[in-house]
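Below you'll find the structure, written out as structure tokens, and then a few comments.
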Amino acid sequence: MSAQTITRRLTQADLAKLHQAGDKIVMFTCYDASFARLLDGTGVEALLIGDSLGNVVQGHDSTLPVTVADIAYHTAAVKRGSERAFILADMPFGSFQESPELAFRNAVALMAAGAQMVKLEGGREMAATVRFLVDRGIPVCGHIGLTPQSVHALGGYKVQGKGEAAAQRLKDDALALQQAGATMLVLEAIPAVLAGEVTAALAIITIGIGAGRDCSGQVMVVHDAFDIPPGKKAKFVRNFMADGGSIADAAARAVAAVKDGSYPGPEHSYTA
């Protein structure tokens, strides 16, 4: 199966088939209709309305101030601008941690805005919430490793899963989320070898960001990948505008690099 031949909007089942065929999945964060339209035409399979919009759109120093209303607004814009990319929406800080019932109400708002799946941060402690949502028809993507909503608890933006005990906790979290019904899992800022082990142990899709090349796919923050604004970026970021051309050219290079395995390279990855 090739996603390039599908002209309708991709579904969760389409992504699963890509995964089963060993085809890397390309995901970008996206926050508006114009970027959605551009990325949609370059072969990107999934668009994530990330709470990273707090940093790159709203100018905050963390994702914590982002609200459900913010995510819903941007999700609707991305939905209007795209025709074929699968759409995920982040559940922002405070929108799901209190109770499964609260998570459900907020997830409903995001699905109504146009999301096909919601993403929430956390490991085993969120398994019951994931199951509650999945049992009520809401597809869920988990997110473990560096979880930006927990930046203060983690003591900053630090690589996670270093050391045997931390690595085992992360593996246990991944399995718990899969067993709870999550069908996708973001692995952020963890050693590449560990991400490969987690991916091999799971049946579901893993999407890496700073987690090496062995994940089922990669997610890139659109502003980082296109050097907007210029400046120092995280180790795992590659500036696809460095070779010149248009943003559309850069997006096509990013898709090709993920597909052929040249991104992320060792220089973009962490060691244990």
Legend entry - Selection count, segment 106-165, where residues are assigned to a loop (DSSP other than H, G, I, E, B), at pLDDT below 95 and out of contact with any helix residue (DSSP H, G or I) (no Cβ under 8 Å at 6 or more places or on another chain): 6
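Go over the candidates Arg238, Arg253 one by one and state the one that is surrounded by 13 or more Cβ atoms within 10 Å (Cβ to Cβ), over 19 Å from Gln160 (Cβ atoms) and either of a type in the set (A, V, I, L, M, F, W, C) or under 17 Å from the mean Cα position of the chain (by Cα) (or both). If you could, list the steps in order and put the result at the bottom.
Details: Arg253 fails: either of a type in the set (A, V, I, L, M, F, W, C) or under 17 Å from the mean Cα position of the chain (by Cα) (or both).
Only one candidate passes the filter, namely Arg238.
Scanning for something of a type in the set (A, V, I, L, M), in contact with a helix residue (DSSP H, G or I) (Cβ under 8 Å, 6 or more places away or on another chain) and at pLDDT 95 or above, does segment 90-99 turn up at least one residue?
Looking only at segment 90-99, we keep the residues that are of a type in the set (A, V, I, L, M), and these are 91.
Remaining after also requiring in contact with a helix residue (DSSP H, G or I) (Cβ under 8 Å, 6 or more places away or on another chain): 91.
Add one more test, that the residue is at pLDDT 95 or above, and what stays is 91.
Scanning segment 90-99, I find at least one residue that is of a type in the set (A, V, I, L, M), in contact with a helix residue (DSSP H, G or I) (Cβ under 8 Å, 6 or more places away or on another chain) and at pLDDT 95 or above, so the answer is yes.
Residue-by-condition table, conditions (1) part of a helix (DSSP H, G or I); (2) surrounded by fewer than 16 Cβ atoms within 10 Å (Cβ to Cβ):
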{"position": "Ala211", "(1), (2)": "no, no"}
{"position": "Asp224", "(1), (2)": "yes, no"}
{"position": "Ile228", "(1), (2)": "no, yes"}
{"position": "Lys232", "(1), (2)": "no, yes"}
{"position": "Ala248", "(1), (2)": "yes, yes"}
{"position": "Tyr263", "(1), (2)": "no, no"}
{"position": "Glu267", "(1), (2)": "yes, yes"}
Legend entry - Complete set of residues in segment 160-172 that are crowded, with 19+ Cβ neighbours inside 10 Å and within 20 Å of Gln218 (Cα to Cα): Gln160, Gly161, Leu170
Legend entry - Members of segment 189-223 found to be in contact (Cβ under 8 Å) with a residue 40 or more places away in the chain and out of contact with any strand residue (DSSP E or B) (no Cβ under 7 Å at 6 or more places or on another chain), listed by number: Val193, Leu194, Gly212, Arg213, His223
Legend entry - When residues of segment 1-21 are limited to those that are small (Gly, Ala, Ser) and at pLDDT 95 or above, the one surrounded by the most Cβ atoms within 10 Å (Cβ to Cβ): Ala16
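Could you grab me the full set of residues in segment 185-240 that are under 15 Å from Asp172 (Cα atoms) and in contact with a Ser or Thr (Cβ under 6 Å, 6 or more places away or on another chain)?
Step one: of segment 185-240, the residues under 15 Å from Asp172 (Cα atoms) are 185-187, 190, 194-204, 206.
Leu185, Leu187, Thr199, Ile204, Thr206 - these are the residues of segment 185-240 that are under 15 Å from Asp172 (Cα atoms) and in contact with a Ser or Thr (Cβ under 6 Å, 6 or more places away or on another chain).
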Inset, instruction - Go through segment 1-30 and count every residue that is in a loop (DSSP other than H, G, I, E, B) and free of Cβ contacts under 8 Å to residues at least 60 places away in the same chain. - result: 4
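The values are calculated or read from the model by the stated rules, or taken from the named source; none is laboratory data. Since we're looking at a predicted model, the values are computed, not measured. Neighbour counts are summed over all protein chains in view; Cβ atoms, including those assigned to glycine, are modelled from backbone coordinates with ideal geometry.
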